[in-house]
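The values are calculated or read from the model by the stated rules, or taken from the named source; none is laboratory data. Keep in mind that what you see is a predicted model, and the values were worked out from it rather than measured. Cβ: placed from backbone, ideal geometry, glycine included. Neighbour counts: every protein chain shown. The area values use the complete protein model at the heavy-atom level, side chains included, leaving out ligands, DNA and RNA. Shrake-Rupley method; radii C 1.70, N 1.55, O 1.52, S 1.80 Å.
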Amino acid sequence: MNTGDAVIREERETRPKTDLLTPGRRRVVIEQMTPQVDCGRFPIKRTAGETVVVEADVFADGHDMLSAVLLYRREDADGWMETDMAQLANDRWRGAFTVPEAGRYAYTVRAWVDPFKTWARDLGRRVEAGQEVSVDLQIGADLVQAAAERAASAADPADADETQDPRVSRDAGSDAAALRAAATRIRQGGPDGIAQARSPHLAALMHRYAERGHASTHRPDLWVVVDRERARFGAWYELFPRSCAPEPGRYGTLRDCAARLSYIASMGFDVVYLPPIHPIGRVHRKGRNNNPAGGSEDPGSPWGIGAEEGGHKAIHPALGTLDDFRQLVSSTREHGMEIALDLAYQCAPDHPYVREHPEWFRRRPDGRVQYAENPPKKYEDIYPFDFETERWQELWRELKSVVDFWVEQGVRIFRVDNPHTKPFAFWEWLIAEVKREHPDVLFLSEAFTRPKVMYRLAKLGFTQSYTYFAWRNTKWELTQYLTEITRPPISDFFRPNLWPNTPDILTEYLQTGGRPAFAARLVLAATLGASYGIYGPAFELCERMPREPGSEEYLDSEKYEVRHWDLERPDSLRPLITLVNRIRREHPALQSDRNLLFHPTDNEYLIAYSKHTDDLSSVVLVVVNLDPHHTQFGWVDVQLEPLSLDAQEPYQVHDLLGDARYLWHGSRNYVELRPDALPAHVFLVRRRVRRERDFEYYL
């Protein structure tokens, strides 16, 4: 046997086999259904109140007319709801449904060859051609009579199809009578019968009671995880409670942190994010500026979790008590904000887990527990868990109990430290288990790692994700990156949270750009992203001194020592932050990552982009000077059509930062931005709607 024969035989053996028991009369093909993630392996993401727009290729052999519906249901619902799909071009169909509240929803597409629609189309052609149609009317009358029988059957709720529109059982009795009458009139023929056959009302009834016995349904069902609004829109503020004391030289407490809430709320933030508040290990405790030889007076890094006083379910004694924490959670809500707690699955050497569960940690050849490393960096104050331990199930359950404990204390948001260093399967299980019991819980992934790893974490359940935004500084970098993460298919599962700084990240741009750089990055983060955050008070006070040249670590980092901040400094960015957050709250265009559109400029230091709501009732255009040292000017080429702007009509742009108003004409308009004044324009775009005498009105 030659090689060719072997190949042919192999192809025959692997060729799909036709099962004759499969209904052969299902002629409709449904494919290329969107949105979906990895062929339905993972759910898409939406927030409560949003609309899920679904498209699919729907076609069949021959020239028969088709009908298609979009089916959807909440996970715990007994039956499907449905809505009609509209045919677009080239066999593409579209439908939509709204997800009203947090939870999981399934959706799919069902389609069938529609004999009545086909018959009605052909009847119309024959009538217009002047042909004899008496026989055709008899055929149509039979189709209508069959639909009347289906309606009569549907009038009994016990016989109703679970996928039928809810209107069916409510109106089925009267619909059956109307269909019988229509069948009689059509059978009688003549102009009256033809008019009845082509009646829009009859077409609607026939669609409602269409014969779906040979319908095709897309499999598998697809899923959407729906989160509350904070998953889509919010401003985060990170601070260390131990640095909240009003006077220098004292270790701050949770009560001091509660006293700081008015300051944070006044700037318009939604989420107060706290680094770990647990006891800090003493063994190998780090000193100031990450000195490996910390002294007894050094407070240590909050991420070195666990000591004699307890572990992940305990509070550092110097911060206060569990009652103090509960009061902080309550006070935060009273200020219109909520607490996000750091979730760092790692242990200090003297964490109780190390003593009570040595099997959860990896050992070195000399018998010592393996500490965390990222060569050449060493983290002797941190022991990572061994997720390959034979006791992995016990470990998983215990780690979930940590989340459960803090949920019981009122926490509904967790910022997860380095999730990319733990197994994907663990996170998929933990997040699904937590959200099954508490669908309002949100998880922010802090994974500054390879894109595919970041995306995988988002697919398997993380609500939001940190991004590379901090290191994207040029117009090209920002345009390319933000376009990628705010467009499908990435945007169907990945929700960015943009941070210009963190306790670990002080970029060169901020180090060298001074106050204008901080102002520019604030506007970029807050307007490019519906969710953004800052690490304060370091950000509003423009803290920009690195530990050493070439480092992104802060000098005298708060991670290793208690700091005291002068919040009343006159050079604080607090007024600008307050204004930007107010603009975000007042203008819905900035509350979503949809519809981000970049507009060309003739100056590489000027970046221009807009956001708008689907109905264009809110349109915001932003122009930012990316050069923190020099005035930049140039021409912005506004894309008029997506913003529904008429090239022949003037439109007003109202700068919400400086309160100036300009009348722009056409696409090309001039801008000039001084970084030492305000490095950005945030324009509210108003279209002219009417003119009365000497006055023009803009909306």
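Net charge of the neighbourhood of ASP136, taken over other residues with C-beta under 9 Å away and scored Lys/Arg +1, Asp/Glu -1, is -1. With a Förster radius of 35 Å applied to the C-beta separation of ALA96 and GLU394, the computed FRET efficiency comes to 0.20. Rolling a 1.4 Å probe over the protein chains gives GLU211 an accessible area of about 90 Å². What residues of the stretch 575-612 lie in the reach of a label at SER262, counting those whose backbone N is under 19 Å from a point 7 Å from the Cα along Cα→Cβ? What the label zone holds, given the 19 Å backbone N cut-off, is 575, 578. Helix 322-334 and the longest principal axis of the C-alpha atoms of the chain enclose an angle of approximately 50°. For the pair GLU334 and MET65, the difference between a 0.36 nm per residue extended length and the Cα-Cα distance amounts to 91.0 nm. The residues of the stretch 295-371 have, on average, 43 Å² of accessible surface per residue, using a 1.4 Å probe with all protein chains present. Please determine, in degrees from 0 to 90 and to the nearest 10, the orientation of helix 475-485 with respect to the longest principal axis defined by the Cα atoms of the chain, where the helix direction is its Cα long axis. The two axes meet at around 60 degrees. Distance check, please: which entries in LYS45/LYS475; LYS435/LYS459; LYS452/LYS559 exceed 24 angstrom between their Cα atoms? Beyond 24 Å between Cα atoms: LYS45/LYS475; LYS452/LYS559. Each Cα pair under 8 Å and six or more residues apart adds its separation to the average, and for the stretch 64-154 the resulting relative contact order is 29 percent. Under 8 Å for C-alpha pairs, at least 6 residues apart: give me the relative contact order for the stretch 340-392, rounded to a whole percent. Averaging sequence separation for qualifying contacts and normalising by length gives 39 percent for the stretch 340-392. A Stokes-Einstein calculation at 25 °C with viscosity 0.890 mPa s, built on the Kirkwood radius of the stretch 27-103 over Cα pairs, returns a diffusion coefficient of 178 µm²/s. With the cut-off at 1.5 for a/c, could you classify the stretch 312-397 from its C-alpha gyration tensor as rounded, prolate or oblate? Prolate shape, in that a/c is at least 1.5 and a/b is the bigger ratio. For the pairs LYS313/LYS377; LYS286/LYS377; LYS400/LYS422, note any where the Cα-Cα span goes beyond 20 Å. Listed pairs above 20 Å: LYS313/LYS377.
Surface composition of the chain: carbon and sulfur atoms hold 50% of the protein heavy-atom accessible area at a 1.4 Å probe. Using C-alpha pairs below 8 Å separated by at least 6 residues, the relative contact order for the chain is 10 percent. Could you compute how fast the chain diffuses translationally, taking Rh as the Kirkwood radius over C-alpha pairs and applying Stokes-Einstein at 10 °C with viscosity 1.306 mPa s? Give it in µm² per second. In µm²/s, the coefficient rounds to 54.
Accessible surface computed residue by residue for the stretch 177-256, with neighbouring protein chains in place and a 1.4 Å probe, gives 42 Å² per residue. The protection proxy used here, the mean number of other Cβ atoms lying within 10 Å of each residue, ranks peptides 299-311, 481-493, 142-154 as follows, highest first: 299-311, 142-154, 481-493.
For GLU477 and ASP221, what does the FRET efficiency come to when R0 = 35 Å and r is the distance between their Cβ atoms, rounded to the nearest 0.05? FRET efficiency, GLU477 to ASP221: 0.35.
At 222 nm, what value in deg cm²/dmol follows for the chain if DSSP H runs of at least 4 each add -39500 (n - 2.57) and the sum is divided by all its residues, to the nearest 500? Taking each H run of at least 4 residues, the total per residue is -9000 deg cm²/dmol. Model label sites at GLU359 and ARG582, defined 7 Å from Cα along the beta-carbon direction, differ in position by 6.0 nm.
Applying 1/(1 + (r/R0)^6) with R0 = 41 Å to the Cβ-Cβ distance of LEU597 and GLU247 gives a FRET efficiency near 0.25. Charge tally for HIS63 (other residues, Cβ to Cβ under 13 Å; Lys, Arg +1; Asp, Glu -1): -1.
Taking the square roots of five times each eigenvalue of the Cα gyration tensor of the stretch 359-518, the equivalent ellipsoid has semi-axes of 30, 22, 15 Å, listed largest first. The length gained on full extension between ARG668 and ARG126, counted as 0.36 nm times the residue separation minus their Cα-Cα distance, comes to 189.7 nm.
Heavy-atom accessible surface of ASP627, to the nearest 10 Å², is about 10 Å², with a 1.4 Å probe and all protein chains retained. Per residue, the accessible area of the stretch 416-522 comes to 34 Å² when a 1.4 Å probe rolls over the protein heavy atoms.
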